[in-house]
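Asks: I'd like to ask some things about the structure below.
The values are calculated or read from the model by the stated rules, or taken from the named source; none is laboratory data. Small disclaimer: the values here were computed from a predicted structure and weren't measured. In this analysis, Cβ positions are derived from the backbone assuming ideal geometry, glycine residues included, and neighbour counts consider all displayed protein chains.
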Amino acid sequence: MNKGKIKLILRWLGRLITVFAIAFVLAKITDYSQQINVNSLSSQTYFIAALCILLYAFGNLLLARAWGLLLSGLGSQLKRDSVIWVFGISQLAKYLPGNVFQFANRQIIGVEQGINNHTLLKSSAWEVGLMIATASTFSTFLITYYFPSLTWLSVVSFFTLNTVISGILLRISSINCVKAFGLYLIFFTLSGSLFSAVYLSLSAHDGAGQWSLLIAYFVIAWLVGFLTPGAPAGLGVREAVLLVLLGTTAHQETLLLAVLLSRIITVFGDLLFFAIASFYRPRHKISTN
């Protein structure tokens, strides 16, 4: 099979995965929307939700930038616009069952655009490893879950662990890897903050002093969902973990609504970033290998 046919197959395979991903996401949005009584939501909650969608789309930009840094560290220099396009177009596939299609789609699109196959594989491996490592540092806040009086120990452990990991990365890799680690840390903090904002907007008197714990528990829930085989974007798993971690201190109805709204926000945020990334499509091959 000649290169022309291979490129054509890759192009259409990438498009097919993207179409299925969009259809799957739209189906999920419809399903989630039917579970919410829109009349019960205040105008403040609507405003916060809309703002959170915009901020989550920005969070995807941080992820794209981190991936670009990893590629750069592996010797593949891409323009910012190209990084946004490849990452944004492929990222929506994470909602397909299997929890790996975002990487497969990125591999297909990247190779079709001329990026080295092995470089793409290595960047995905680094991305997964760094995101797991970053999210795992938030587990230090489980100390507070079991020992509420030791919140200070959770905070100290969190910053100490992140400092140690940064030092290790600098020794075994490059400064780009450390920068990517920092961007993942910002992304997870942002994602957890968005969930916290939604939750507290629904019940201002319930847990307002636990902002850091809400962030940490959300990230821990993301990690469990990410590591669960076959769970597309952690669907179901993330929500279950949050209910376990917050179920004893939160109003059950408020928590369920916050979890549902946060899922809708992330889905719409991913869709928005996908739409934005579509405008960055390069006219020519993007690789500079």
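Asks: Would you check which residues across the stretch 83-118 are surrounded by fewer than 23 Cβ atoms within 10 Å (Cβ to Cβ) and farther than 25 Å from L223 by Cα and list them?
Replies: V111, E112, Q113, G114, N116, N117, H118
Asks: Looking only at the stretch 85-118, which residues are at pLDDT 80 or above and of a type in the set (D, E, K, R)?
Replies: Correct list: K94, R106.
Asks: While we're on this one: Quick check, is S72 under 14 Å from L120 (Cα atoms), at pLDDT 85 or above and surrounded by fewer than 22 Cβ atoms within 10 Å (Cβ to Cβ)?
Replies: Against the criterion (under 14 Å from L120 (Cα atoms), at pLDDT 85 or above and surrounded by fewer than 22 Cβ atoms within 10 Å (Cβ to Cβ)), S72 qualifies.
Asks: While we're here: Which condition number does Q44 fail, the rest of (1) under 30 Å from L256 (Cα atoms); (2) surrounded by fewer than 14 Cβ atoms within 10 Å (Cβ to Cβ); (3) in contact with a Gly (Cβ under 9 Å, 6 or more places away or on another chain) being met?
Replies: With respect to (1) under 30 Å from L256 (Cα atoms); (2) surrounded by fewer than 14 Cβ atoms within 10 Å (Cβ to Cβ); (3) in contact with a Gly (Cβ under 9 Å, 6 or more places away or on another chain), Q44 is out only on (3).
Table: residues versus (1) in contact with a helix residue (DSSP H, G or I) (Cβ under 7 Å, 6 or more places away or on another chain); (2) closer than 20 Å to V224 by Cβ; (3) not aliphatic (A, V, I, L, M).
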| residue | (1), (2), (3) |
| --- | --- |
| V111 | yes, no, no |
| S136 | yes, yes, yes |
| Y145 | yes, yes, yes |
| L150 | yes, no, no |
| S154 | yes, yes, yes |
| T160 | no, no, yes |
| R171 | no, no, yes |
| C177 | yes, no, yes |
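Asks: Also, I was wondering about something else. Conditions first: (1) at pLDDT 60 or above; (2) part of a loop (DSSP other than H, G, I, E, B). M1 passes all but one, so which condition is the exception?
Replies: (1)
Asks: While we're on this one: Tell me yes or no: at least one residue of the stretch 45-64 is of a type in the set (S, T, Y), in a helix (DSSP H, G or I) and without any contact (Cβ under 8 Å) to a residue 40 or more places away in the chain.
Replies: yes
Asks: Suppose we keep only residues that are under 22 Å from the mean Cα position of the chain (by Cα) and surrounded by 16 or more Cβ atoms within 10 Å (Cβ to Cβ) within the stretch 143-164. Which one would you say is nearest to L213 (Cα to Cα)?
Replies: F158
Asks: To continue, here is another question. Can you give me the number of residues within the stretch 129-158 that are closer than 27 Å to S76 by Cβ and without any contact (Cβ under 8 Å) to a residue 24 or more places away in the chain?
Replies: Within the stretch 129-158, residues that are closer than 27 Å to S76 by Cβ and without any contact (Cβ under 8 Å) to a residue 24 or more places away in the chain number 1.
Asks: Still on this structure: For the stretch 188-284, list the helices (runs of 4 or more DSSP H) that sit wholly inside it and hold at least 3 residues that are within 15 Å of L55 (Cα to Cα), at pLDDT 80 or above and in contact with a helix residue (DSSP H, G or I) (Cβ under 6 Å, 6 or more places away or on another chain); which are they? Before you say what the answer is, go through the steps one by one.
Replies: Details: elements: 211-227, 237-246, 252-278.
Answer list for the stretch 188-284: 252-278.
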